[in-house]
Every structure is written in C-alpha cells, then in structure tokens.
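Step one of this worksheet: look at the structure below.
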Amino acid sequence: LGVKGAAEAGTPFRFVRPQVDAAWGRRWTARDATLLIDGAAGMAIGDIPVQGLYLIGGRGTVPGYRFREFGGDRFVAARSVFSATVRQPWLRGRILASGGWSGAGSAGLPAMGRIGVRTTGSVLPSLGVGVGIFHDIVHVDLARGLGDDGVWEVIVEANRSFWDFL
C-alpha cells in the first residue's frame, strides 16, 4: 500500500493518492514455465494536480493503447504473463494479457481537462505475445489493444527484476 500527498508550506494536505499493488507468481519445472499476475488500484482525493492523476495506456500499464491516453482520479489495472523456455538459455516464449479501467469524479476532472486525457469508459483489454532473449534478460513483445482505441505496440525492455538497478 502506497500513499502520496502534498501540501503548500503551512497548509494541510490538499490531496492524497493511495494506491494498492499486489502480485502473485507460480513456477513449474516443466520447461521452467512461469505465470506472473500483478495488479494495482488507486483513488485520489482532494485538489489533484495534473501530476497526481492516474494515467494508463501503453507500456507499463495496458499495452496496445496510446501511452497515457487515458486517466482519472481512480483506476484499476491488471497484467498477466505466462512464459516458458523454448531453447535454453537463448529463448523463452511469452503470452501476455492486460486490462485497465480509469474513472473520474469532481477531484480529477479539472486536472484532466488541463492535459486532455479522458477516462476509459469501460475496461481496456489487451493481448500479446513475445520472447525473452538470453536468460530472459531482454523482452521483445508485440501487443494489441482489443478495444476501439487499440493499436499494435512493440515493446522492448529489460526484465523487470533488473529495473531496480538499471
């Protein structure tokens, strides 16, 4: 559980931005198969500045939609990745599924209007396939948003377990 807030000097907090993150994983010995599922949800309250909005769409949230095209003062997002070794140590196959939703109330609408984002309206689904290269260090994925605003997206990134020290 993460909570962020801000205030001007000498004034009480003007907004809070709590967010809950959860993850679960399972590994099988056959082909070193792995299933990872993670999700997050949050709801901001108060006088939210633009940088306090929850923005979703694209790599890192819901691939297959334009980067940070959607937002609001509340959101839910989930992602799952199944991977298995195809040829050790060079290649792992990956199957991805993601979804996300954003909404807005009176707290988020003013900030949304300043940067021109909109709520999702409904859940944004996304599917993809990819490969993990050389001990699963580099991922190359191709994802497609399945909603009306969906686009094809190629994602090249380091394995998330390396993100803390990159």
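The values are calculated or read from the model by the stated rules, or taken from the named source; none is laboratory data. Small disclaimer: the values here were computed from a predicted structure and weren't measured. Neighbour counts are summed over all protein chains in view; Cβ atoms, including those assigned to glycine, are modelled from backbone coordinates with ideal geometry. Each accessible area value is taken on the protein alone, full model and side chains, heavy atoms only, with ligands, DNA and RNA left out. Shrake-Rupley method; radii C 1.70, N 1.55, O 1.52, S 1.80 Å.
At 1.4 Å probe size, put ASP38, ASP141 in order of accessible surface, largest to smallest. Don't jump to the answer; show the numbers that get you there.
Working: ASP38 50, ASP141 5 Å².
Largest to smallest exposure gives the sequence ASP38, ASP141.
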Under a plain spin-label model, where a point goes 7 Å from the Cα along Cα-to-Cβ, how far apart in nm are LEU91 and VAL50?
-> 4.5 nm
Mind checking which of GLY60, GLY116, SER83 is farthest towards the positive end of the chain's charge dipole, using Cβ charges of +1 (Lys, Arg) and -1 (Asp, Glu) about the Cα centre?
-> SER83
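Given the convex hull of the Cα atoms of the stretch 87-147, what is a quarter of its surface area in nm²?
Values: hull surface 22.3 nm².
Dividing the Cα hull surface by four gives the mean projection, 5.6 nm².
Where does the chain land on Rg/Rh, using Cα atoms and the Kirkwood Rh?
Numbers: Rg = 17.9 Å, Rh = 17.1 Å.
Across the chain, the Cα-based Rg/Rh ratio is 1.05.
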Ordered by packing density, taken as the mean number of other Cβ atoms within 10 Å over each peptide's residues, highest first, how do 84-90, 131-137, 25-31, 51-57 rank?
-> 51-57, 131-137, 84-90, 25-31
The answer for the chain, accessible area per residue at 1.4 Å probe in Å², is 58 Å²
Mean separation of Cα pairs under 8 Å and 6+ residues apart, divided by the residue count of the stretch 7-166: what relative contact order is that in percent?
-> 19 percent
Simple Cβ-charge dipole of the stretch 23-110, Lys/Arg +1 and Asp/Glu -1, about Cα centre, in debye nearest 20 | 580 debye
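How much of the calculated P(r) for the stretch 31-110 lies past 14 Å, in percent of all Cα pairs? Could the numbers behind the result be given before it?
Numbers: 2063 of 3160 pairs.
Roughly 65 percent, once rounded to a whole number.
For the chain, what % of the accessible area comes from carbon and sulfur atoms, probe 1.4 Å?
Details: 5950 of 9570 Å².
Carbon and sulfur together cover 62 percent of it.
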